[in-house]
Amino acid sequence: MTFSRAEWRDFVCAPDHPYRHLASLGASVKGASSDAIDLAGLTDFLQKLRGDHEIGLLADMVDLLSGGYTEFAQTQLPRLLDSLANEMESRDEIVGPGLRGNPRWDRTVVSRMAGMLPIGRYHSRTSHRSFSLPENELLRWFVNDLIGSVRDLARRSSSASPHAALVTLLQRCEEAAAHHWLSQLAVPPYLTSAMISAARRSRHPEYRKAAELAEARARLKSSSEESRWYATLMLLAVGWLEPVSDDDMFELYSLTLVIDVIAQELGFGEPEEYGLVTSGRGHVAAFRNEHGRLRVIFDQNPSAAVRSQDRYRGVVAAHRGVTGTARRPDISIIYDRSDGQRFVIVEVKRTANERYVSDSIYKLFGYLYDFASFWPQGHPSPRSVLLVPEGISRLPDEPFRDAAIVSGDDRAGLAAALAAAIL
């Protein structure tokens, strides 16, 4: 039987844990929905996220990629701008040399007699098109909110290139903000019930859709902490960021499996702290037991966390004409015990090709050499684990070596390897 993407997804999205939200906040995900997470578990996860801003960041990313905002900005927003609601209003002003509007002869004569108005200029009441309507103020607030949120997400993203859907959304919203009619309006400080009611009553379906989406954004930005928390819970209970590629999906499955095995089979219990996969991140999960603290790092160079230097950067620094960035293992586990530090690397490869698996063993050897100083004398084995989808098992009674290979469908085998490495 082939262990498929659907099974990886089902495991990641199991309702009894919140690990689906450890997906990258970068460019390689899409907005998705799944069975609801247990709300108690989700609440615990959000409370354990490092920093309150992390909660808003996660909610923003899930909402913007799954809430229909990009589709609205591409299809409905341009039509709305072409037929923006307006009304005519009258203004008293001085015109000339030609007459416009309805001349105010009484004021004109008086001003000329007083020497305040030259010949060829007239007081007149003119008509002007005004866009200062509540439904347009809603649109102005909504567009501005999307621009600010997308820029913040791009800055905090774990990917060097922003998400394509968010790039499109930002471009369309910036075009709308610069529109010759909409740009006349000041940005309202907050969304009001009058704006929402006016947009809902509009005969244009685009205004009604804008009201729906703007309300969703306002709920996540509510000044009421209780309302904001409830909106976030309802969004993240079913919404999540699903990796687009099968390789990334297997990586998320593997990360979820490692954390779950540490929590259950290794007896650490639920993590005491979580971190999102964003730029500048540290660990994505941290555990604590009576012997010390264990951290799980995802797709990061572990040198700073282990407080030791890799060999690669030393070689690069010793030469002119060569540059490079140190390699980043998929998963690093650092266990600061009272009797010393334990460190193990888990490299993830979605492959069943025997030759590719064999080549990947050499990648583990590269890590073992590069990070040799991370393992003190007498550190137990395995020091590195290659995790593949299926088809590989260790021979009975064979001792662990520096490098081990485990199948993703062999939970007991992974638990045995990690226990030997860190306990």
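Using the heavy atoms of the protein chains and a 1.4 angstrom probe, tell me the accessible area per residue for the range 275-423 in square angstrom.
With the other protein chains kept in place, the range 275-423 gives 50 Å² per residue.
Note down the relative contact order for the range 67-127 as a percent, whole number, built from C-alpha pairs under 8 angstrom at least six residues apart.
Numbers: 59 pairs, mean separation 24.9, N = 61.
Relative contact order, the range 67-127: 41 percent.
Taking 0.36 nm per residue of sequence separation and subtracting the Cα-Cα distance, how much length would be gained by fully extending the chain between Gln377 and Gln74, in nm to one decimal?
Full-extension gain reported as 103.1 nm.
What Rg and what Dmax come out for the range 9-122 when only alpha-carbon atoms are used, in angstroms?
Both quantities, over Cα of the range 9-122: 30.4, 87 Å.
Which lysines does Lys363 reach when only Cα atoms under 24 Å apart count, and residues fewer than 8 places away in its own chain are ignored?
Cα-Cα hits under 24 Å: Lys349.
Among Ile55, Val29, Val95, which residue has its Cα furthest toward the positive end of the charge dipole of the range 1-146, with +1 on Lys/Arg Cβ and -1 on Asp/Glu Cβ?
Checked the options; the winner is Val95.
What residue among Asn353, Asn301, Asn86 shows peak mean-square fluctuation when the chain is described by a Gaussian network model with Cα springs under 10 Å?
Highest fluctuation among the options: Asn353.
Which value, in debye to the nearest 20, describes the size of the charge dipole of the range 205-317 about its Cα centre when Lys and Arg Cβ atoms bear +1, Asp and Glu Cβ atoms bear -1, and nothing else is charged?
Dipole about the Cα centre, nearest 20: 580 debye.
Given charges of +1 on the Cβ of Lys and Arg and -1 on the Cβ of Asp and Glu, with all other atoms neutral, how large is the dipole of the chain about its Cα centre, in debye to the nearest 20?
Approximately 2060 debye in magnitude.
Among Ala154, Ala263, Ala40, which one shows the highest mean-square fluctuation when the chain is modelled as a Gaussian network with alpha-carbon springs under 10 Å?
The residue that fluctuates most here is Ala40.
Roughly what % antiparallel, to the nearest 5, for the DSSP beta bridges in the chain? Show your work: numbers first, answer last.
On the way: 38 of 49 bridges.
So the antiparallel bridges in the chain amount to around 80 percent.
Report the GluC sites (Glu not before Pro) located in the range 223-294 that are in a DSSP loop and have at most 11 other Cβ atoms inside 10 Å of their Cβ, or state none. Present the calculation step by step, with values, prior to reporting the outcome.
On the way: sites: Glu225, Glu226, Glu251, Glu265, Glu272, Glu273, Glu290; in loops: Glu265, Glu272, Glu290.
Counting only loop positions with at most 11 other Cβ atoms within 10 Å, the GluC sites (Glu not before Pro) in the range 223-294 are Glu290.
Based on alpha-carbon centroids, what's the gap between the range 212-267 and the range 390-407 in Å, whole number please?
When both Cα centres are located, 33 Å separates them.
Restricting to DSSP loop positions (anything but H, G, I, E, B) with no more than 13 other Cβ atoms inside 10 Å of their own Cβ, which trypsin sites (Lys or Arg not before Pro) remain in the range 154-252?
Sites meeting the loop and neighbour criteria: Arg203.
Bin width 10 Å, origin at 0, all Cα-Cα pairs of the range 82-209: what percent of pairs per bin?
Taking all Cα pairs of the range 82-209, the binned fractions are 11, 28, 21, 18, 13, 6, 2, 0 percent.
Within the range 211-253, whose backbone N sits under 14 Å from a point 7 Å along Cα→Cβ of Lys30?
Residues 240-249 fall inside that zone.
Report P(r) for the range 174-297: all Cα-Cα distances, bin width 10 Å, range 0 to the bin holding the largest distance, values in whole percent.
P(r) for the range 174-297, in whole percents per bin: 10, 24, 25, 19, 15, 7, 1.
How about the range 289-369: which trypsin sites (Lys or Arg not before Pro) there are in a DSSP loop, with at most 15 other Cβ atoms within 10 Å of their Cβ? It would help to have the intermediate numbers written out before the result.
Working: sites: Arg293, Arg295, Arg307, Arg311, Arg313, Arg320, Arg327, Arg337, Arg342, Lys349, Arg350, Arg355, Lys363; in loops: Arg307, Arg320, Arg327, Lys349, Arg350.
Filter output for the range 289-369: Arg307, Arg320, Arg327.
On a 0 to 90° scale, report how tilted helix 411-422 is relative to the longest principal axis of the chain, with both axes built from alpha carbons and the result rounded to the nearest 10.
The two axes meet at around 80 degrees.
So, with +1 on the Cβ of K and R and -1 on the Cβ of D and E, and no other charges, what is the size of the charge dipole of the range 374-423 about its Cα centre, to the nearest 20 debye?
180 debye
Between Arg320 and His204, what is the spin-label point distance in nm, taking each point 7 Å from the Cα along the Cα→C-beta axis?
For the pair Arg320/His204, the computed spacing is 6.4 nm.
Determine the share of the chain's accessible area contributed by carbon and sulfur atoms, expressed in whole percent, with a 1.4 angstrom probe.
Summing carbon and sulfur atoms, their accessible area is 50 percent of the total for the chain.
Could you compute the net charge surrounding Ala421? Neighbours are other residues with a C-beta less than 14 Å from the C-beta of Ala421; K and R count +1, D and E count -1.
It works out to a net charge of +2.
For the chain, what does the relative contact order come out to in percent, with C-alpha contacts under 8 Å and a separation of six or more?
Once normalised by length, the contact order is 17 percent.
In the neighborhood of Leu182, defined by Cβ-to-Cβ distances under 12 Å, what is the net charge if each Lys or Arg adds +1 and each Asp or Glu adds -1?
Value of the local net charge: -4.
Relative to the compact-globule scaling 2.2 N^0.38 Å, provide the ratio for the alpha-carbon radius of gyration of the chain.
Output field value: 1.37.
Apply 1/(1 + (r/R0)^6) to the Cβ-Cβ distance of Ala419 and Arg313, taking R0 = 25 Å, and write down the FRET efficiency to the nearest 0.05. Write down the numbers at each step before the final one.
Numbers: r = 32 Å, r/R0 = 1.26.
In this case the efficiency is close to 0.20.
Just add up the charged neighbours of Gln341: K/R +1, D/E -1, any other residue whose Cβ is under 13 Å from the Cβ of Gln341.
Details: positive: Arg293, Arg295, Arg307, Arg337, Arg342, Arg383; negative: Asp336, Asp339.
Local net charge: +4.
How high is the relative contact order of the range 194-324? Use alpha-carbon pairs under 8 Å, at least six apart in sequence, and give a whole percent.
That works out to 9 percent.
Give the aspartates and glutamates reachable from Lys48 as a straight Cα distance under 12 Å; neighbours fewer than 8 places away on the same chain don't count.
Once the sequence-local aspartates and glutamates are set aside, what remains near Lys48 is Glu270, Glu272, Glu273.
Divide by every residue of the chain the summed helix terms, -39500 (n - 2.57) for each DSSP H run of at least 4, and state the resulting mean residue ellipticity at 222 nm, rounded to the nearest 500 deg cm²/dmol.
One gets -13500 deg cm²/dmol as the mean residue ellipticity at 222 nm.
The values are calculated or read from the model by the stated rules, or taken from the named source; none is laboratory data. As the structure is a prediction and not an experimental result, all values here were calculated from the model. Note that each Cβ is placed from the backbone with ideal geometry, even for glycine, and that neighbours are counted across all protein chains shown. Only protein heavy atoms, including side chains, enter the accessible area calculation; ligands, DNA and RNA are left aside. Shrake-Rupley method; radii C 1.70, N 1.55, O 1.52, S 1.80 Å.
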